[in-house]
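Enquirer: Dropping a structure here in structure tokens format, bear with me for questions.
The values are calculated or read from the model by the stated rules, or taken from the named source; none is laboratory data. The structure presented is a predicted model; accordingly, all values stated were derived computationally and were not measured. Cβ placement follows ideal geometry from the backbone for every residue including glycine, while neighbour counts extend to all protein chains displayed.
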Amino acid sequence: MTTVPTDRLNVVIATDCGSTTTKAILIERQQYEDGPSVYRQTYRGEAPTTVEAPFEDVTRGVLNAIQEVEELSGRTILDGETIISPADGDRGVDIYISTSSAGGGLQMMVAGVVQAMTGESAQRCALGAGAIVMDVVASNDGRLPHQKIERIRQLRPDMVLLSGGTDGGTVSHVVELAEFVAAADPKPRFGSGFQLPVIYAGNKDARSAIEEVLDDKNALTVTENLRPVLEQENLGPARHVIHDLFLEHVMAQAPGYRKLMGWTGAPIMPTPAAVGQIMQTIARRQGISVVGVDIGGATTDVFSVFGKGSDAVFNRTVSANLGMSYSISNVLSEAGLDNVLRWVPFDMEEADLRNRIKNKMIRPTTIPHMLEELQIEHAVSREALRLAFLQHHELAVGLKGVQIERTLSDVFDQSGSDETLIDMMELDLLVGSGGVLSHAPRRVQTTAMLVDAFQPQGVTRLAVDSIFMMPHLGVLSSVDERAATDVFERDCIIYLGTCVAPAGTGRAGDIIASWHLSGDKVERRSGSLTMCDIELLPLSEGATAQLSVKPEGSWDVGAGPGQELTTTVHGGVVGLILDGRGRPLSFPDDTAQRRSLVDSWIRALSMYGEPQAI
Amino acid sequence: MAHAYTPGLRITAHTQLRKERRLPLKGEVLVAVGDRVHRDQVVARTDLPGDVVTVNVVNRLGISADDIGQYMLKKEGDPVAAGEPIAETRPWIKWLKTVVESGIDGTLENISSITGQVILRKPPAPVEMPAYIDGTVVGVIPGEGVVVETAGAFVQGIFGVGGENWGTLDLRVSDPSQPLTPALLGSDCEGKIVGGGGRLSYEAILAARDMGAVGIIGAGIHDRDLCELLGYDLGVAITGTEEIGITLIITEGFGEIAMARKTFSILERFSGREASLSGATQIRAGVLRPELIVPDLDAPEAKSEAHSSVSGMQVGDVLRVIRAPHFGRIGQIAELNTELRKVESGAHVRVLEVKFEDGSRVVVPRANVELIEE
């Protein structure tokens with residue numbers, strides 16, 4: 001498909017080929033009276049993904065999804081199996097773009113010499129490129145050589161990222177890792193006839209030795225060292241190679257993708273990489289820190305961008321076995337029964353919960369019919385989100401991305417690498433996406449799940465992806481950033497409101513802060529916030545208000561312990577939440593007291609009451 | 001979306017079906033198109049590369065990696081035997097000599113002058129692929145495997161554990177809700193696939209295994225019993241490689257539940273016949289369900305596998321409700337409502353009306369039913 005210059009980009013069709021569903025959206029430039037033109041998402045269609053038998057051709061599902069868009073919009077997009085381009089009146093589109101996570105996404109194994117250093121850098125590199133990291137092999141990972149080789153052989157990754165050694169540093173250790181890979185001779189997941197791609201991004205002095213060991217058996221690509229010196233990470237070049245190989249090897253092996261790649265006007269991106277791209281674009285354009293989460297049936301992705309301008313650091317983690325259907329049982333076993341049950345406001349037998357969760361696992365497409373079932377799924381989702389965010393905390397640490405230097409003292413003080421970059425008090429925007437959040441019957445339920453799981457501190461704006469179009473917008477932002485942000489602001493994101501949560505701990509009933517709210521379109525109100533209470537104030541979408549909060553004692557709402565904060569707060573479809581439950585959230589040991597407390601939160605937010613007008 | 005519902009499990013007394021028998025690595029195919037094969041007949045074989053053992057020769061000899069070549073007694077590709085010297089120092093005084101011996105029988109695969117490491121590989125391990133079902137070879141995938149076709153009864157379960165097995169099907173109860181208890185299982189279970197109606201208890205599964213049964217089928221199971229059987233809490237439904245001494249298939253789901261009458265009647269009809277079963281389950285991408293196959297090669301040619309997911313749901317279709325509050329109940333589609341309807345959870349969803357066997361009618365989300373396919 002020919003691409004058109006972005007200034008003539010008026011109509012865009014974008015698809016996301018997911019494991020089960022292919023989603024298509026139509027984006028059109030619209031001219032409003034007395035104003036500049038803006039891009040809007042206008043129609044959407046979806047169809048089952050057709051990577052598996054009997055079709056085994058991803059383009060079939062893409063065409064079906066586009067056909068649905070054609071039927072709804074009245075625009076002719078297809079001429080048989082060809083996408084009409086460029087747009088002319090109500091025929092055709094200017095560009096077709098796509099993301100893909102079909103067939104389980106991009107699965108990688110990474111290796112580095114020291115687990116906490118090059119191993120961790122390699123892991124961050126692969127995750128940032130949108131991969132699932134199946135294992136991290138390192139010289140000091142505690143496994144014996146034969147155990148490492150056996151593990152590498154068992155895995156059938158799409159590609160391997162081999163790193164290790166700073167430039168001029170160890171050669172023997174990184175070559176040893178290459179020897180393990182060569183001895184294991186792992187087979188790629190797709191296409192038995194082709195060689196497994198291996199990327200070498202380690203000590204440049206070891207390149208020729210690595211080529212000698214791996215070149216015959218693998219499709220070896222050598223790129224810049226991702227950790228050239230101890231104080232610096234350089235993840236960009238290796239990430240680009242991962243994307244190129246993803247297209248050349250992995251996608252090209254999946255059924256129908258070769259044809260699909262011929263249709264698109266921009267390279268197909270792995271879905272999580274595209275979501276990461278839009279998160280970074282939004283953070284950069286608005287100058288804010290963002291945490292985003294996409295909770296799916298099998299996996300949960302967490303994205304974060306902290307820091308401003310050139311200091312902004314992007315991190316992504318994927319929790320491969322935390323999800324709401326295929327992996328729901330794993331959430332229960334990882335979180336533990338008590339942690340799930342603490343969110344359930346009614347009496348429930350352990351055996352009953354276990355059977356219900358397993359039934360969801362084996363029939364993943366079912367939905368809660370009864371309110372009680374919905375509450376159980378929401379309880380599980382809080383734990384899945386919480387655990388995924390904990391994992392994100394563990395990896396979003398230490399070195400600050402591309403070309404950002406640490407001080408030498410940080411290097412010798414290894415504890416520096418354990419310090420998380422996630423600062424919940426600094427967080428400006430928390431965005432949720434994925435079925436359980438996007439399709440909750442009431443938006444206040446989505447809000448509560450996000451607040452309970454992520455426990456934002458201070459003042460944090462909350463939003464949800466309306467119909468899961470962040471992947472489409474991520475790849476669009478690589479073509480036209482303005483078009484992507486127009487649609488993101490106007491059609492993708494639904495602002496839920498703002499959460500104000502003083503950080504600290506105290507006894508139930510203690511006054512922890514006093515507050516005062518004023519503004520043109522809001523009723524002037526003031527009050528005090530009590531420990532363990534949560535309160536919802538009306539503040540509609542598009543409205544802003546001035547909020548002053550004076551915390552008591554050592555409580556902190558962002559201006560420092562006991563310091564008053566005055567700030568502008570934004571409304572949303574839910575409103576303004578004053579969360580006085582303290583951080584971290586705590587629960588009474590006594591079951592009856594705990595249930596009563598959780599029930600009081602549910603009632604305070606009218607979480608499962610009569611439907612609200614949205 | 002046109003097909004927004006769960007495709008059902010296939011349960012049929014007679015169908016034509018094909019099974020692909022593919023090796024994990026390239027190897028040799030031992031049969032040809034048109035050959036009749038027996039379930040335990042090997043149709044393809046290969047050798048899995050042997051495990052490797054690493055020996056850090058330079059550390060053991062106290063030499064530098066660059067010099068390793070001078071001290072090696074074996075070269076790359078040479079066979080080695082356990083206890084055989086592979087490298088040694090050559091000091092002036094003989095009794096100061098240090099020898100490195102191979103710890104295994106196998107071959108020397110690699111000598112590294114950078115790491116000083118020597119890699120030895122054990123002999124390859126043969127892998128044989130049985131036909132798994134009685135049938136006819138209808139396709140050969142060169143170097144990889146075959147496609148075997150058979151006709152007969154086919155029952156898909158909802159969940160299973162344990163690998164492929166075969167034996168005589170033996171239904172030991174007379175009612176779809178009657179569970180298989182240890183009292184119903186004796187020494188005559190040996191080599192058989194035993195079946196019951198309701199929930200399988202941990203005790204019943206253990207009794208069947210101890211009596212030598214190769215497989216067990218029931219309607220339901222408690223998750224805690226499964227956990228006890230496996231020795232761990234199953235997190236993700238990818239099964240088939242468990243070594244628990246028996247293959248288990250559940251036809252309906254977790255909890256106290258009766259077997260669907262149709263499934264039960266097929267087990268009843270084919271009790272006493274030779275069958276193959278597999279507990280392998282993989283819910284994600286390319287759903288794989290456990291299965292019981294009772295070949296009947298002398299029967300007239302049956303219609304091939306056709307899924308109703310191609311034609312969609314119709315009024316009158318038989319279905320099973322697969323989520324509370326009517327979990328497990330069988331009924332017929334009475335009405336396919338087109339408009340979104342609000343259900344008790346507060347969600348607005350596509351629904352349908354089901355008429356149960358007792359005549360009662362209820363509205364359920366379309367996502368919460370599965371068709372019982374012919």
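Enquirer: For segment B:310-374, which fully contained strands (runs of 3 or more DSSP E) count at least 1 residues that are over 26 Å from A:E377 (Cα atoms)?
Expert: Result: B:318-321, B:330-335, B:348-356, B:361-365.
Enquirer: Considering only residues that are among the charged types (D, E, K, R) and away from chain A (no Cβ under 14 Å), look in segment B:144-167 and name the one that is farthest from the chain's Cα centre (by Cα).
Expert: The selected residue is B:E149.
Enquirer: Restricting to segment A:288-309, and then to whatever is charged (D, E, K, R) and either closer than 19 Å to A:V397 by Cα or free of Cβ contacts under 8 Å to residues at least 40 places away in the same chain (or both), can you tell me which residue is farthest from the other protein chains (Cβ to nearest Cβ)?
Expert: Of everything passing the filter in segment A:288-309, A:K308 is farthest from the other protein chains (Cβ to nearest Cβ).
Enquirer: Sort through A:E176, A:E150 and tell me the only one that's more than 19 Å from A:S121 (Cα to Cα) and within 12 Å of another protein chain (Cβ to nearest Cβ).
Expert: Going through A:E176, A:E150 in turn, just one is more than 19 Å from A:S121 (Cα to Cα) and within 12 Å of another protein chain (Cβ to nearest Cβ): A:E150.
Enquirer: Residues in segment B:349-374 that are farther than 17 Å from B:A324 by Cα and surrounded by 18 or more Cβ atoms within 10 Å (Cβ to Cβ): how many?
Expert: 2
Enquirer: Which residue, of B:L185, B:L206, is over 22 Å from the mean Cα position of the chain (by Cα), farther than 20 Å from B:I257 by Cβ and among the aliphatic types (A, V, I, L, M)?
Expert: So the residue among B:L185, B:L206 that is over 22 Å from the mean Cα position of the chain (by Cα), farther than 20 Å from B:I257 by Cβ and among the aliphatic types (A, V, I, L, M) is B:L185.
Enquirer: In segment B:322-348, what residues are touching a residue at least 24 places away in the same chain (Cβ under 8 Å), buried (at least 20 other Cβ atoms within 10 Å of the Cβ), facing another protein chain (nearest Cβ under 9 Å) and out of contact with any Ser or Thr (no Cβ under 7 Å at 6 or more places or on another chain)?
Expert: B:F327
Enquirer: Residues of segment A:215-238 being touching a Leu at 6+ places or on another chain (Cβ under 9 Å) and either crowded, with 23+ Cβ neighbours inside 10 Å or closer than 26 Å to B:P142 by Cα (or both), which ones?
Expert: Within segment A:215-238, A:K217, A:N218, A:A219, A:L226, A:R227, A:E233, A:L235, A:A238 meet the criteria.
Enquirer: Still on this model: Kindly check whether there is at least one residue in segment A:491-508 that is within 20 Å of the chain's Cα centre (by Cα), in a helix (DSSP H, G or I) and crowded, with 18+ Cβ neighbours inside 10 Å.
Expert: Yes; the residues of segment A:491-508 include at least one that is within 20 Å of the chain's Cα centre (by Cα), in a helix (DSSP H, G or I) and crowded, with 18+ Cβ neighbours inside 10 Å.
Enquirer: OK, next. Testing B:L25 on (1) away from every other protein chain (no Cβ under 11 Å); (2) assigned to a loop (DSSP other than H, G, I, E, B); (3) in contact with a Leu (Cβ under 7 Å, 6 or more places away or on another chain), one condition comes back false. Which one is that?
Expert: Here B:L25 meets the rest and fails (1).
Enquirer: All but one of (1) charged (D, E, K, R); (2) outside any strand (DSSP E or B); (3) within 14 Å of another protein chain (Cβ to nearest Cβ) hold for A:R44; state the number of the condition that does not hold.
Expert: Only one criterion is unmet by A:R44, namely (2).
Enquirer: Okay, moving on. Within segment B:125-175, considering only strands (runs of 3 or more DSSP E) that don't extend past its boundaries, which have at least 1 residues that are touching a His at 6+ places or on another chain (Cβ under 8 Å) and on the phi > 0 side of the Ramachandran plot?
Expert: Here the list reads B:145-156.
Conditions tested, residue by residue: (1) under 30 Å from A:S319 (Cβ atoms); (2) within 14 Å of another protein chain (Cβ to nearest Cβ); (3) surrounded by fewer than 23 Cβ atoms within 10 Å (Cβ to Cβ).
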| position | (1), (2), (3) |
| --- | --- |
| A:P36 | no, no, yes |
| A:V51 | yes, yes, no |
| A:I77 | no, no, no |
| A:T82 | no, no, yes |
| A:A122 | yes, no, no |
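Enquirer: Examine segment B:168-183 for a residue that is of a type in the set (G, A, S) and within 14 Å of chain A (Cβ to nearest Cβ), and state whether such a residue exists.
Expert: no
Enquirer: For residues in segment B:48-87 being among the hydrophobic types (A, V, I, L, M, F, W, C) and in a strand (DSSP E or B), which is farthest from A:L144 (Cα to Cα)?
Expert: Looking at residues that are among the hydrophobic types (A, V, I, L, M, F, W, C) and in a strand (DSSP E or B), I get B:M72.
Enquirer: Could you run through segment A:49-70 and say how many residues are at pLDDT below 90 and hydrophobic (A, V, I, L, M, F, W, C)?
Expert: So the count comes out to 4.
Enquirer: Kindly indicate whether any position in segment A:182-200 is within 12 Å of another protein chain (Cβ to nearest Cβ), over 25 Å from A:E231 (Cβ atoms) and within 28 Å of the chain's Cα centre (by Cα).
Expert: Yes, because at least one residue in segment A:182-200 is within 12 Å of another protein chain (Cβ to nearest Cβ), over 25 Å from A:E231 (Cβ atoms) and within 28 Å of the chain's Cα centre (by Cα).
Enquirer: Give the residue, chosen from B:V315, B:V294, that is away from chain A (no Cβ under 14 Å), modelled with pLDDT of 90 or more and either under 19 Å from B:V354 (Cα atoms) or over 25 Å from the mean Cα position of the chain (by Cα) (or both).
Expert: B:V315
Enquirer: What are the residues in segment A:11-23 that are at pLDDT 95 or above and either surrounded by fewer than 17 Cβ atoms within 10 Å (Cβ to Cβ) or not hydroxyl-bearing (S, T, Y) (or both), if any?
Expert: Those that are at pLDDT 95 or above and either surrounded by fewer than 17 Cβ atoms within 10 Å (Cβ to Cβ) or not hydroxyl-bearing (S, T, Y) (or both): A:V11, A:V12, A:I13, A:A14.
Enquirer: Follow-up. Tell me yes or no: at least one residue of segment B:207-226 is touching a Leu at 6+ places or on another chain (Cβ under 6 Å) and within 14 Å of chain A (Cβ to nearest Cβ).
Expert: Checked against the condition, which is being touching a Leu at 6+ places or on another chain (Cβ under 6 Å) and within 14 Å of chain A (Cβ to nearest Cβ), segment B:207-226 yields at least one hit.
Enquirer: Does any residue of segment A:321-338 turn out to be within 29 Å of A:A122 (Cβ to Cβ), more than 14 Å from chain B (Cβ to nearest Cβ) and crowded, with 19+ Cβ neighbours inside 10 Å?
Expert: No, because not a single residue in segment A:321-338 is within 29 Å of A:A122 (Cβ to Cβ), more than 14 Å from chain B (Cβ to nearest Cβ) and crowded, with 19+ Cβ neighbours inside 10 Å.
Enquirer: Just for helices (runs of 4 or more DSSP H) wholly inside segment A:310-362: which have at least 2 residues that are touching a residue at least 40 places away in the same chain (Cβ under 8 Å)?
Expert: In segment A:310-362, the matching helices (runs of 4 or more DSSP H) lie at A:328-335, A:337-341.
Enquirer: When segment B:197-227 is examined, which residues are found to be under 26 Å from B:D40 (Cβ atoms) and assigned to a loop (DSSP other than H, G, I, E, B)?
Expert: B:M211, B:G212, B:A213, B:V214
Enquirer: Just to verify a result, which residue in segment A:538-562, among those that are part of a loop (DSSP other than H, G, I, E, B) and of a type in the set (A, V, I, L, M, F, W, C), is surrounded by the most Cβ atoms within 10 Å (Cβ to Cβ)?
Expert: A:V557
Enquirer: Filter segment A:341-363 for residues that are surrounded by 20 or more Cβ atoms within 10 Å (Cβ to Cβ) and either within 13 Å of chain B (Cβ to nearest Cβ) or farther than 22 Å from A:I602 by Cα (or both) and give the result.
Expert: Selection gives A:R354, A:N355, A:R356, A:I357, A:K358, A:N359, A:K360, A:M361, A:I362, A:R363.
Enquirer: Just the residues that are at pLDDT 80 or above and hydroxyl-bearing (S, T, Y), please, taken from segment A:24-48.
Expert: Answer for segment A:24-48, where residues must be at pLDDT 80 or above and hydroxyl-bearing (S, T, Y): A:S37, A:Y39, A:T42, A:Y43.
Enquirer: Right, something else. Can you work out which of the residues in segment B:242-293 that are in contact with a Lys or Arg (Cβ under 7 Å, 6 or more places away or on another chain) and within 20 Å of B:S174 (Cα to Cα) is surrounded by the most Cβ atoms within 10 Å (Cβ to Cβ)?
Expert: B:I257
Enquirer: Specify which of the listed residues (B:L108, B:L61) is more than 14 Å from chain A (Cβ to nearest Cβ), farther than 30 Å from B:G145 by Cα and surrounded by 15 or more Cβ atoms within 10 Å (Cβ to Cβ).
Expert: B:L61
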